[in-house]
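The values are calculated or read from the model by the stated rules, or taken from the named source; none is laboratory data. Computed from a predicted model, the values in this text were never measured in an experiment. Ideal geometry is used to build each Cβ from the backbone, glycine not excepted, and the neighbour counts take in all protein chains shown. These accessible areas exclude ligands, DNA and RNA; they are computed on the full protein's heavy atoms, side chains included. Shrake-Rupley method; radii C 1.70, N 1.55, O 1.52, S 1.80 Å.
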Amino acid sequence: MSPEWIYTFVYIAWLAGASCFVLGLHRMNSPATGRSGNQLSAAGMVIAVVATFVYLVTREGGLSGTALAIIFVGFLIGGGAGLYTARSVKMTAMPQLVSLFNAVGGGAAALVAIDDFIRLNSGAPLDTTIFVVLGALIGSVTFTGSLIAGGKLQGLIAGKPIYVPGGQLVTIALAVVAVLGTATLILGAAGTLNLDSTVTLGLLGLVVLSGLIFGITMVLPIGGADMPVVISLLNSFTGTAAAMAGFVLGNPVLIISGALVGASGAILTKLMADAMNRSVLNIMVGGFGGGDEAAGAVAAGGASVREIGPDDVAIQLAYAQSVIIVPGYGLAVAQAQHAVRELAELLEARGVDVKYAIHPVAGRMPGHMNVLLAEANVPYPQLKEMEEINPEFDRCDVALVIGANDVTNPAARRPGSPVSGMPILDVDHAKSIVVIKRSMGRGYAGIDNELYGDPKTGMLFADAKDGLAALTAAVKAL
């Protein structure tokens, strides 16, 4: 078979792989088809990788033994790392894993761009130079920014905003240097400026270095609660950088997949910001709060809270007609999804109507809580989105809040509060409210939750998993 026919099949395979990405992403719109969408996307990646390998082997000059060895070692390392993480990383750690993947993707895109720039040196045409330089810059920002974001979520770096003296000025200066360096390289490629190869390589190095430092100084001052939004934004950057690399390499599957990641990441970022009633610029410019801060057993406004024991809560739950469970990040951290399902099944066996109220930013990312509960075989029809469940709180006998904080704070309805305007779950409309929480610690907004001082609210101070186990045992004992 001639190389021309081989290349034709390679391009068809690339397009087939890209089509799998598009269809897979579409199927991920629904939990019922999400798994098959993921599998379809994975199949598309296998097709793309195999086709690329065939292209490299059959093109003029082929591959040397060293190049083949490097590729196979890359397959083993990448495939092994992917298999290990898929089997070992817990659902609660998915956001930081996504952040790590962002860093790898951004770094890879930057390295591809740098290699192309060095290979082409000063002979690159204008359109290629634009894609190469922007790919190197965006990839560099994504690489370090994603590592910092993942470190904050993992607890390796303090979740609170970290301010460096003069940090904003440094960030602005780095942005200016990166923009000017990029513009100079583009003008050089256009022939407006006469730059020799040494100068162009030096400018590229300056742009990359500025991007690497900018990623750090941009993310450090952002609070841990905003990290999911930052990760989503950086994910969009990764896709954009990959698409630019695809233009340089002439690889349609890289262009399409990069564009998909870039567009979906941007849409997700906007949706998450809207769910918190904040702009993306507001999130990037200043941290929302300093992390989960400890506080005494006093609610907002100095009102005392009412502590309640497992036996009292069990009586309320067992003899209720309607119970709405409000899971939050505390449930995810405690890995209490199986415990809450066991309690819910026990209540349902007693004739109680049980539903779950899912806030758009419950957990760490949109859909995170849905996947976590699905992992525990909680029936998906019981998971109700905020707009659907809020009217039902007025008819609810007991609202059981497990580790959710800011998304239930009635202060969001009042102007002047740090969470003003943020869409919340109307938990305070329920006839009785029970909150399972380790302490009176504040949420990432850094303010007290007014719900805890509500006369209808009883506080069960416990780890989510331990508290639910105690409630299950108490209900069984009735």
### Message
Here are the criteria: (1) at pLDDT 80 or above; (2) assigned to a helix (DSSP H, G or I); (3) within 26 Å of the chain's Cα centre (by Cα); (4) of a type in the set (A, V, I, L, M). Tell me which single one residue 94 does not satisfy.
### Response
(1)
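Matching residues to (1) modelled with pLDDT of 90 or more; (2) in contact with an Asp or Glu (Cβ under 8 Å, 6 or more places away or on another chain); (3) open to solvent by 70 Å² or more (accessible area, probe 1.4 Å):
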site	(1), (2), (3)
283	no, yes, no
289	no, no, no
305	no, no, no
308	yes, no, no
322	yes, yes, no
### Task
Kindly indicate which of 231, 267, 162, 256 is without any contact (Cβ under 8 Å) to a residue 60 or more places away in the chain and assigned to a helix (DSSP H, G or I).
267
### Task
Determine whether the range 418-425 contains at least one residue that is modelled with pLDDT of 85 or more, over 21 Å from the mean Cα position of the chain (by Cα) and either crowded, with 16+ Cβ neighbours inside 10 Å or of a type in the set (Gly, Ala, Ser) (or both).
yes
### Task
Check every one of the helices (runs of 4 or more DSSP H) wholly within the range 323-428 and list those with 1 or more residues that are closer than 21 Å to residue 96 by Cα and of a type in the set (A, V, I, L, M).
329-333, 368-375
### Count - residues of the range 7-48 that are surrounded by fewer than 15 Cβ atoms within 10 Å (Cβ to Cβ) and touching a Phe, Trp or Tyr at 6+ places or on another chain (Cβ under 9 Å)
3
### Query
In the set 174, 195, 185, which member is under 21 Å from residue 113 (Cα atoms), part of a loop (DSSP other than H, G, I, E, B) and in contact (Cβ under 8 Å) with a residue 40 or more places away in the chain?
195
### Query
Here are some conditions: (1) closer than 23 Å to residue 428 by Cβ; (2) without any contact (Cβ under 8 Å) to a residue 60 or more places away in the chain; (3) touching a helix residue (DSSP H, G or I) at 6+ places or on another chain (Cβ under 6 Å); (4) open to solvent by less than 10 Å² (accessible area, probe 1.4 Å). Residue 376 meets all but one. Which one does it not meet?
(1)
